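Contents: one structure, followed by commentary.
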Amino acid sequence: MAYSFSASLLLFGVLLNPIVSAVQVFQCSPGTEPNLCIVNSLVYTPGQVPLPQVNRSDTVDHIHLRCSRYYYYTPWYYLSGKDLLKVYDAVLHSNVLRSPRSTTVINCHMRTLVMPPDLEVGNFFNNIVSVVETDPAQSYNIRYLDLSHNHLEDLKNLSVLVNLQTLKLEGNEIFEIKPETFAKMNNLSVLILGYNHIVKIDLKVLPKSLTTLSLIRNELTEIDFASVSFPALREVNLESNRLKALDVASVMRACPALQLLPIEYNPMPRGEAQRTIKELIRHNVTYYDDGDKVSGSNSSCDSYEFQIVQACFLDSETESSGSFLKAFVLILLSLFLFGVFGLSARWIWHEMRY
């Protein structure tokens, strides 16, 4: 009887094993270009056995891993921690995807990027990447890297990516730029640092090869172009910071090829804003972003802004009074909540006594 039971268990295990160890095969659907294919809902965890497989043509060198339907349509899955793709590492890149030249991973809740040495184009937009792992002894081919809208704070591991030409870091948690970060990036032409928390930046630490620099919507109170030289720089975006003045003469000496310098939504005094715009016009430099303007529109600014030609600036007096009012309201609210808490505690103590 015991022998029969053991044999049954063995037979069950043999039958079950192919089911447990079955390899998941994902189809790579054709994209909009001949060399692009799209893989939906690829599930990968480091160390998993067996590895998933991707069925793709040898002519494909750009793979888009698409996870957005889980993000938008099944939020319970997105929030449960059962993420499809937490890590992009060497095993996924080489063994599963067969070393594509270009990879796109958007909206996949990815946390960690282990940079593959042979990847040339990487688009990892809108994940939750907080760590980019690199090896200082390794050389990397990456030329285009988009890490916008992630959770990056420290950029030190990016310093070895010396072949970068475009680096997008918009919408992260960056507070400062350390000197060593871009020291060896002599090929970098486009650097996007907008929508971060940068209060001060030393332009001397940035590559002279830059053609585009975006610092839109940071917390810059000043920016010094003296003693720097960016001969190829054509666009610098300084919109929506805290600048109260800008030395146009030093900007033009440092950036003789400058064509576009958006400076709207800074708290410049009216006279300073007028002087700055006049100087930029004299140098044929556009001071607002055409893409933000409706064609043929002459719309006015908001109530807390003033307009000069086609540019809106924050009214520094309104901003100060608004900040004071906000602080006053917060203090009143705190006092109210403290009073409610005190009365509640007193009522509970009174009830407990009786």
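Tabulated data for the structure shown
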{"quantity": "Within region 129-180, chymotrypsin sites (Phe, Trp or Tyr not before Pro) in DSSP loop having at most 16 other beta-carbon neighbours inside 10 Å", "calculated": "175"}
{"quantity": "Among 258, 195, 116 the positive-end extreme of the charge dipole of region 102-261 (Cβ point charges)", "calculated": "258"}
{"quantity": "Cross-link reach list, aspartates and glutamates versus residue 178, counting only Cα pairs under 16 Å and skipping chain neighbours closer than eight places", "calculated": "153, 154, 202"}
{"quantity": "FRET E, pair residue 95, residue 259, Förster distance 41 Å, beta-carbon r, rounded to 0.05", "calculated": "0.35"}
{"quantity": "Given 168/278; 86/204; 168/204; 204/278, the pairs whose alpha carbons are separated by over 25 Å", "calculated": "168/278; 86/204; 204/278"}
{"quantity": "Calculated FRET value between residue 51 and residue 137, using beta carbons and R₀ = 30 Å, to 0.05", "calculated": "0.65"}
{"quantity": "Estimated inter-spin distance, residue 38 and residue 130, nm [label 7 Å along Cα→Cβ]", "calculated": "3.1 nm"}
{"quantity": "Above-threshold pairs, the threshold being 25 Å between Cα atoms, out of 156/208; 156/200; 184/244", "calculated": "184/244"}
{"quantity": "Accessible surface, per residue, of region 211-294 when the full set of protein chains is kept, probe 1.4 Å, Å²", "calculated": "46 Å²"}
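The values are calculated or read from the model by the stated rules, or taken from the named source; none is laboratory data. Remember, predicted model here, so these are calculated numbers, not experimental data. In this analysis, Cβ positions are derived from the backbone assuming ideal geometry, glycine residues included, and neighbour counts consider all displayed protein chains. Surface areas here come from the heavy atoms of the whole protein model, side chains and all, with no ligands, DNA or RNA. Shrake-Rupley method; radii C 1.70, N 1.55, O 1.52, S 1.80 Å.
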